[in-house]
C-alpha cells in the first residue's frame, strides 16, 4: 500500500508567506525525499533527509523528520509565484514510494 | 543538455494498438525506472533496471514489456492498449548499483498517453 501521505492535499497562499506541507508514512525508512513537480513536467528532487537527521536546510527550504511520529514537514519560506507546483514526499524504502502530493498555489 | 529525455511527449492512439516509449539518460547512472502517474497524480513504480538487468517488476500487466539495450536507455513497449492505460509515464534514473533508494532520482518530463 502507499507509504507516504501528504497533507494538505491543496494549499493556497499569498506571495511572501510561508508554506508548510506535511508527510506521514507507515513503516521504517532509510531516508525521506521531497520532490517538486511543475505542471506538465517531471519531478525534480529538492532535498533528502536521512533517518538519523532531524532537520535539513536548502536555500528557502527547511525539512524536518520525526521518525518517532513517522512524519516529515517541508517549509518553504518567503514563497514566490514560481513555487506554484505539486510537492511530493517519497520514502526511502525499496522501491521508492511516493505520496499523492500537495498542490501549492502561490498567488502574486 | 537534457539529463533524462523521453519520446514521444504525447501519444494518442486507439485501443488495441501497440506502442513504444523511449527513454535515454546522459547522467551515467546505473539504475533506470518507469513510473505511471494517474489522473489523481499518484505516482507508482512499474519497473526498474540496473545496468540492463531487471530488478523490480511491480504488479504490472504483462502487456507492458521494458527493454534496456544498454544502461543509458530504457524503453517501454505496450501491447494491446486499453483505456485504463491512459496516464503519464515517467522515466527516471539514479546513481548507484541496485535499487539504491538513498540516491535522488532524476525524472524525464513524461509521456502523456491517451487511449481513444
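No lab work stands behind these numbers, since they all come straight from the coordinates. None of these values were measured; they are calculated from a predicted model. Ideal geometry is used to build each Cβ from the backbone, glycine not excepted, and the neighbour counts take in all protein chains shown.
Pair-distance distribution of the stretch A:14-108: all C-alpha pairs, bin width 10 Å, starting at 0; shares per bin in whole percent are 17, 51, 27, 5. R0 = 30 Å: FRET efficiency of residue A:108 with residue B:39, Cβ-based, nearest 0.05? According to the calculation, E is roughly 0.60.
Once you have the alpha carbon radius of gyration of the protein assembly as shown, what is it after dividing by 2.2 N^0.38 Å, with N set to its residue count? Don't skip to the end; give the middle numbers.
Numbers: Rg = 17.5 Å, N = 224, 2.2 N^0.38 = 17.2 Å.
For the protein assembly as shown, the normalised Cα radius of gyration comes out at 1.02.
Once both labels are positioned 7 Å from their Cα atoms along Cα-to-Cβ, the gap between residue B:82 and residue B:57 label points is 1.8 nm.
From most to least packed by mean Cβ count within 10 Å, the peptides A:25-36, B:3-14 give A:25-36, B:3-14. Normalised by the number of residues in chain A, the mean separation of alpha-carbon contacts (under 8 Å, six or more apart) gives a relative contact order of 39 percent. Each label point was placed 7 Å from the Cα along the Cα-to-Cβ direction; for residue B:20 and residue A:66 their separation is 5.1 nm.
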